[in-house]
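*Asks:* Please see the structure below; I have some questions.
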Amino acid sequence: MKTALGMRTWIKNPLAGMADGAAGGLVVEGAEIVALVPSGAAPDVEAVFDASAHVVLPGLINTHHHFYQTLTRAYRPALDKKLFDWLVALYPVWARMTEREFRLAVRVALAELLLSGCTTAADHHYVFPAGLEHAIDIEFEEAVGLGMRVVLCRGSMDLSTDDGGLPPPRVVQKIDTILADGERLAARWHQAGPGAMTQLALAPCSPFSVSGDLMRETAWQSARLQVRIHTHLAETEDENEYCLACFGKRPLDYLDELGWVNDRTWFAHGIHFTPGEMRRMGAAGIGVCHCPTSNMLLGSGICGVRALEAAGVAVGLGVDGSASNDGSNMIQELRQAMLLQRAGGGIAAATFKDPIRWATEGSARCLGRADIGRLEVGAQADLALFKLDELRFSGADDPLAALMTCGASRADRVMVAGAWRVVDGAIPGLDLAQLMAAHQAAARRLRG
Ligand SMILES: [Zn+2]
């Protein structure tokens with residue numbers, strides 16, 4: 001279902017969209033957007049896609065996830081627990097994961113994201129039990145198979161319960177092993193520059209599962225390899241207390257000392273920062289991935305998105321792992337962001353367009369990308385098209401607002417780098433029923 005290479009295709013007369021001066025749609029050639037079409041104009045093209053029933057958005061960009069957690073959705077022993085207890089309940093299960101189960105988990109998460117309009121996904125994988133040493137390679141392979149753009153974060157943990165950390169010893173690794181794998185993965189998979197489909201980032205898990213040495217070495221390695229760095233930060237008050245007790249510092253001060261306050265960094269969550277910390281982050285060019293559903297489900301708090309943006313911090317969106325959401329639906333996450341921000345900060349905290357901007361331009365900034373997240377000439381042809389033909393939209397006035405207020409949940413068409421990857425609400429070539437059957441069996445086995 002690719003547009004033929006070089007063929008100019010007009011995505012014609014969309015019902016609504018997010019691009020100025022493009023009421024008549026846009027033209028895609030190869031992997032790029034080559035023209036915006038004003039109302040009434042008729043560009044010279046070889047093919048036309050009638051988008052008159054579609055709302056056309058830039059492809060959504062998910063900036064934080066843990067694909068493997070699709071195997072532990074709604075896991076009984078972890079229900080109704082806050083972050084630290086939730087982790088302690090889940091680590092032993094994750095430690096039993098095999099390569100086959102992991103591959104199914106990744107495929108399910110990517111398919112779910114893609115069907116919800118996501119064209120670029122970041123994942124943060126930090127659990128490497130024996131036998132799963134090539135987890136990140138498996139993730140890259142699955143993304144390539146589905147034609148999705150990815151920024152995969154080589155996660156890491158080196159502090160187990162033996163060293164005062166939270167994870168059990170069998171899921172942590174030695175610093176040398178972690179750094180060598182980062183080196184290998186960058187050489188094998190990382191593409192630099194516009195249009196990159198596979199990128200690597202380095203991502204120690206959190207201050208309570210990673211040593212200071214590993215944090216510092218990772219920052220140095222990322223500067224040398226010119227890749228981004230990512231970690232969980234300021235997710236809970238417990239984390240602030242842990243850092244003050246263990247390091248005598250708040251989390252951002254601790255990471256600053258280890259070389260993390262720079263423009264290669266984006267954090268997941270970013271809830272419990274002071275105004276002064278936000279200003280430092282903004283001045284340094286740091287990004288924050290807001291994960292509204294996860295924050296609500298784990299009762300972690302409400303991220304101050306407006307304050308972060310006012311301080312110059314790039315804010316993107318993420319569904320977070322599927323054991324703390326527990327879905328991977330990107331368009332639904334936009335609605336959640338709007339609702340949570342308004343619940344915490346009143347109507348001025350989020351317009352209906354803000355979450356769309358966060359999940360596109362904001363997320364692109366978090367990932368250090370200028371070639372995605374916008375519908376403009378020269379940008380990658382990553383598009384998410386939504387139809388309003390479901391019962392939930394019946395009677396809606398503004399089509400763009402309807403995606404947020406009525407609660408869109410699935411894309412009708414998705415294009416990545418100029419190729420259609422979702423057609424009529426399905427992924428061509430992927431047998432979802434078969435995938436779900438295999439994945440459910442894997443989840444059952446893993447639970448034991
Ligand atoms: Zn996370």
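*Asks:* Can you give me the relative contact order of the stretch 276-319 as a percent, contacts being Cα pairs under 8 Å and 6 or more apart?
*Replies:* In percent, rounded to a whole number, it is 56.
*Asks:* At most 11 other Cβ atoms within 10 Å and a DSSP loop assignment: could you name the trypsin sites (Lys or Arg not before Pro) in the stretch 328-373 that fit?
*Replies:* Passing both the DSSP loop test and the Cβ count: no residue.
*Asks:* Express the relative contact order of the chain as a whole percentage, based on alpha carbon pairs under 8 Å and six or more residues apart in sequence.
*Replies:* So the answer I get is 21 percent.
*Asks:* Continuing with this model, one more query. Give me the extension gain from Val48 to Arg96: residue separation times 0.36 nm, minus the current Cα-Cα distance, reported in nm with one decimal.
*Replies:* 12.3 nm is the gain from fully extending Val48 to Arg96.
*Asks:* Hey, another quick one. Have a look at the DSSP beta bridges in the stretch 1-160 and tell me what percent are antiparallel, nearest 5.
*Replies:* 40 percent
*Asks:* To the nearest 20 debye, what charge dipole does the stretch 357-433 have about its Cα centre, counting +1 at the Cβ of each Lys and Arg and -1 at the Cβ of each Asp and Glu?
*Replies:* Approximately 240 debye in magnitude.
*Asks:* For a Förster distance of 56 Å, can you work out the FRET efficiency between the beta-carbons of Asp397 and Arg224, rounded to the nearest 0.05?
*Replies:* 0.55
*Asks:* Separate question: In the chain, carbon and sulfur make up what percent of the accessible area (probe 1.4 Å)?
*Replies:* Roughly 52 percent, rounded to a whole number.
*Asks:* So what is the relative contact order of the stretch 345-429, in percent, for Cα pairs below 8 Å that sit 6 or more residues apart?
*Replies:* The value is 22 percent.
*Asks:* With θ taken as phi - 60° and the coefficients 6.51, -1.76 and 1.60, list the Karplus ³J(HN,Hα) couplings across the stretch 9-17 in order, rounded to whole Hz; mark glycine and proline as x.
*Replies:* Per-residue couplings from phi come out as 10, 8, 7, 9, 6, x, 4, 6, x Hz.
*Asks:* Hand me the trypsin sites (Lys or Arg not before Pro) from the stretch 204-296 located in a DSSP loop with no more than 11 other Cβ atoms within 10 Å, in residue order please.
*Replies:* none
*Asks:* Suppose the chain between Leu432 and Ala245 were pulled fully straight at 0.36 nm per residue; how much longer would it get relative to their current alpha carbon spacing?
*Replies:* Going from the current span to full extension adds 62.5 nm.
*Asks:* Another question, then. Which lysines have a Cα lying under 21 Å from the Cα of Lys12, excluding residues fewer than 8 positions away in the same chain?
*Replies:* By straight Cα distance, Lys12 reaches Lys2, Lys387.
*Asks:* Could you report the chain's accessible area per residue, 1.4 Å probe, as an integer in Å²?
*Replies:* Result: 36 Å² of accessible area for each residue.
*Asks:* Students often forget the sequence filter, so: which aspartates and glutamates lie under 15 Å Cα-Cα from Lys249 once same-chain residues fewer than 8 apart are removed?
*Replies:* Excluding near neighbours in sequence, the set is Glu237, Asp238, Glu239, Glu241, Glu257, Glu277.
The values are calculated or read from the model by the stated rules, or taken from the named source; none is laboratory data. All of these numbers come straight from a predicted model, not from anything done at the bench. Methodologically, a virtual Cβ is constructed for each residue, glycine included, from the backbone with ideal geometry; neighbour enumeration extends over all protein chains shown. Please note that ligands, DNA and RNA were not included when accessible areas were found on the heavy atoms of the full protein model with its side chains. Shrake-Rupley method; radii C 1.70, N 1.55, O 1.52, S 1.80 Å.
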